[in-house]
1. Residues Y424, Y392: which one is part of a helix (DSSP H, G or I), at pLDDT 85 or above, among the hydroxyl-bearing types (S, T, Y) and over 20 Å from A171 (Cβ atoms)?
2. Cβ-Cβ below 6 Å, separation at least six or inter-chain, first residue in segment 263-289 and outside the structural domain of S300 (by TED's automatic domain parsing) and assigned to a helix (DSSP H, G or I), second hydroxyl-bearing (S, T, Y) and surrounded by 11 or more Cβ atoms within 10 Å (Cβ to Cβ): which pairs?
3. Can you name the residue in segment 290-317 that is in contact (Cβ under 8 Å) with a residue 24 or more places away in the chain and part of a loop (DSSP other than H, G, I, E, B) and is also farthest from F363 (Cα to Cα) among such residues?
4. If you check V374 against the conditions, is it surrounded by fewer than 18 Cβ atoms within 10 Å (Cβ to Cβ), more than 19 Å from A170 (Cβ to Cβ) and out of contact with any Lys or Arg (no Cβ under 9 Å at 6 or more places or on another chain)?
5. Taking A243, is it assigned by TED's automatic domain parsing to the domain that holds E326 and at pLDDT 75 or above?
6. Could you check how many residues of segment 253-277 are modelled with pLDDT under 85 and of a type in the set (A, V, I, L, M)?
7. Specify which of the listed residues (V333, V344) is within 25 Å of G173 (Cβ to Cβ), outside any helix (DSSP H, G or I) and in the same structural domain as V212 (by TED's automatic domain parsing).
8. Identify all residues within segment 192-204 that are loosely packed, with under 15 Cβ neighbours inside 10 Å and either closer than 17 Å to E106 by Cα or without any contact (Cβ under 8 Å) to a residue 60 or more places away in the chain (or both); write none if there are none.
Amino acid sequence: MSVFTYTALKQDGSKAAGEMNATDRPDALRRLERNGLQPVAVKLKEDVVAEAKAADAKAAGKGKDAPLDKAGKPMSEKAVAKAKAKDIAQMKPVKLKKADIIMMTEELSDLLGAGLQLEPALRIMESRDELSAVKDVTALLRSRIRDGSSFSSALKGASPSFGELYCNLAAAGEVSGALPKILKRQSEYLISVQNLQAKVTTAMIYPVCLLVAGIGVSLLFVSYLIPQLTQLLKSMGKELPTAAKLLMKAGDFLFGYWWAIALVIGLGIWGFQKLLEIPKWRAKWDEKSVSLPFFGPLISARFFVQFLETLSNLVGNGLPLLRALELTRDATVNRYLKGLLQKVIGMVGEGGSLSRSLKKVGFFPELLTDMITVGEQTGDLEHSLERSAQRYDKELQKTIDRGMAMITPVIIFIMALLVGTMAYMMVSVILQSVTSIKR
């Protein structure tokens, strides 16, 4: 537990100040809120003491350490602040690590959930010296927001690490007033993706070791053992076995044209990425990705959860259904799924119900549309959407767990098949060579 000093507003508008114990700053903010106080400033006591000492030292120095202007005179605090704001405005977008994005999203969600407005919350995050990259991004965000930009558009300009989905969900949260809730859910989603990547990496360690060992043995076999056998058989007037010839040709091709193979692979990846930048081909790929084995159900389940949660938050915060659907469509990255939502919007705009429109599109499961039908009939669409989102979130986790349980044995089987085939070819070459020598 750490000691924090705070300044807060009581319900009658009077100020309150004091000290409290808390695990971290968000915890301190939540404790103040539970006590009916509106936080204004919350700092670690040791930071306050350090700032006081620094201020005393600065006062004792009579401005000797203050920044100098072009004339060589100490700058005033107002001039320093103006220069700092100018420097921030000229800063380039900052790239963030995934861990930084998760941490920033979680903390901002906690601060907003504790009752702080966006600009003060960003100011608190900017004051944290231990997080340089996040500090720079929050400084850029504050600068752009004070210049009149929305939070979602400021995100796009502050860092390229905030993807299209993140920015679109932030825009939906701003419009609906559910930004803390949407950011909280987004942080949970980012954490689940990070955990999934960690699980896949862990599951791949053993198969990759097998693959590296197999490639190493194969290279040794092709580059050293086969040439030795070739010289031995030629000296005895014998012909090299067929399997050995094939391995030799494969080895010669790999060693002689490795650069061409790497170039073709690189050009293929580059060409595929460029192809996806064309809207027509991107839409086709997005449609195909939904029907891929294993990945298709994951993409669909994730879309259903995002669709239901976003729509529930927007409708629950008073937005008309048609506007909520438009914002949900904008928050969808997959072009194919976005097109389906556009069809739903058209049907609802013509007077159709949401459940019937979803059924006509044909992609949405019957259970989902039935739950929405119940919500429409009872007049409680928000909670019906929320319950459906929770149900499909559980299904998504089950699908991920099943996939993770399958991935290790499947990869090991494939690696064993490849290594086993190579080992069989090696042994057969040696046996054929020994047989040829005996003859």
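1. Numbers: Y424 fails: at pLDDT 85 or above.
That would be Y392, the only listed residue that is part of a helix (DSSP H, G or I), at pLDDT 85 or above, among the hydroxyl-bearing types (S, T, Y) and over 20 Å from A171 (Cβ atoms).
2. Correct list of pairs: empty, since none qualify.
3. Checked segment 290-317; the qualifying residue farthest from F363 (Cα to Cα) is N317.
4. Numbers: surrounded by fewer than 18 Cβ atoms within 10 Å (Cβ to Cβ): yes; more than 19 Å from A170 (Cβ to Cβ): yes; out of contact with any Lys or Arg (no Cβ under 9 Å at 6 or more places or on another chain): yes.
Taking the combined requirement at face value, the residue satisfies it.
5. Details: assigned by TED's automatic domain parsing to the domain that holds E326: yes; at pLDDT 75 or above: no.
No: the conditions fail for A243.
6. 2
7. Values: V344 fails: outside any helix (DSSP H, G or I).
After ruling out the rest, the residue left standing is V333.
8. V193, Q194, N195, Q197, A198, T201, T202
The values are calculated or read from the model by the stated rules, or taken from the named source; none is laboratory data. None of the values given here were measured: they were computed from a predicted structure. Virtual Cβ from ideal backbone geometry, glycine too; neighbours counted across all protein chains shown.
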